[in-house]
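> My structure is below; once you've seen it, I'll send some questions.
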């Protein structure tokens, strides 16, 4: 019971620190953020912060790694599938769910003071999976063609994400994933396609 209470307390404390950190990071670069102002906004003392993190950069790294692991988990069906295409809608929904769960970090990453290296890490990981695994399902696709395909799709998805955030994440991850799938499959035909998004 004591361990459970401690675990809950740790989650709550880390959530408070994370909220304060991403709030500040929207308005100033990480190198300008002090432990003092972070602790004041999170309403914790410095010793509590240092119990969980070594410094501001360790905090950012832990938050990013948590999201990265979530993205990797969502993409696992692509890696695991040896015969036949994986259910891309399920995969994409999992990705958008992870993004929604980490909306605070994503909004900051896409903003003026975000960690662009982390954004590229996510994009490059997806590119590697695309080139290495899509060839199993599309035998005539050359590595170059897969590279171009991924570049096109990833750029479109980033724009879709920005619009999703601007609209306040009103659409569910399943709905936005279905829209992304339809855009990729039908292109301009999506505008006339009356196929309903999932959960509608």
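The values are calculated or read from the model by the stated rules, or taken from the named source; none is laboratory data. Keep in mind it's a predicted model, so treat the numbers as computed, not measured. FYI the Cβ positions are ideal-geometry reconstructions off the backbone, even for glycines, and counts take in every protein chain you see.
> Looking at 135, 70, 111 in this structure, which one is more than 29 Å from residue 21 (Cβ to Cβ), outside the structural domain of residue 17 (by TED's automatic domain parsing) and surrounded by fewer than 18 Cβ atoms within 10 Å (Cβ to Cβ)?
Of the residues listed, the single one that is more than 29 Å from residue 21 (Cβ to Cβ), outside the structural domain of residue 17 (by TED's automatic domain parsing) and surrounded by fewer than 18 Cβ atoms within 10 Å (Cβ to Cβ) is 135.
> Still on this structure, please answer the following. Which of the helices (runs of 4 or more DSSP H) found entirely inside segment 1-66 contain at least 1 residues meeting this: at pLDDT below 95 and either loosely packed, with under 11 Cβ neighbours inside 10 Å or assigned by TED's automatic domain parsing to the domain that holds residue 120 (or both)?
2-25
> Scan segment 100-111 for residues that are modelled with pLDDT of 95 or more and outside any helix (DSSP H, G or I) and jot them down.
102
Residue-by-condition table, conditions (1) in a loop (DSSP other than H, G, I, E, B); (2) touching a strand residue (DSSP E or B) at 6+ places or on another chain (Cβ under 7 Å); (3) touching a residue at least 24 places away in the same chain (Cβ under 8 Å); (4) surrounded by 15 or more Cβ atoms within 10 Å (Cβ to Cβ):
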| position | (1), (2), (3), (4) |
| --- | --- |
| 74 | no, no, yes, yes |
| 79 | no, no, yes, no |
| 98 | no, no, yes, yes |
| 120 | no, no, no, no |
| 127 | no, no, yes, yes |
| 157 | no, no, no, yes |
| 163 | no, no, no, no |
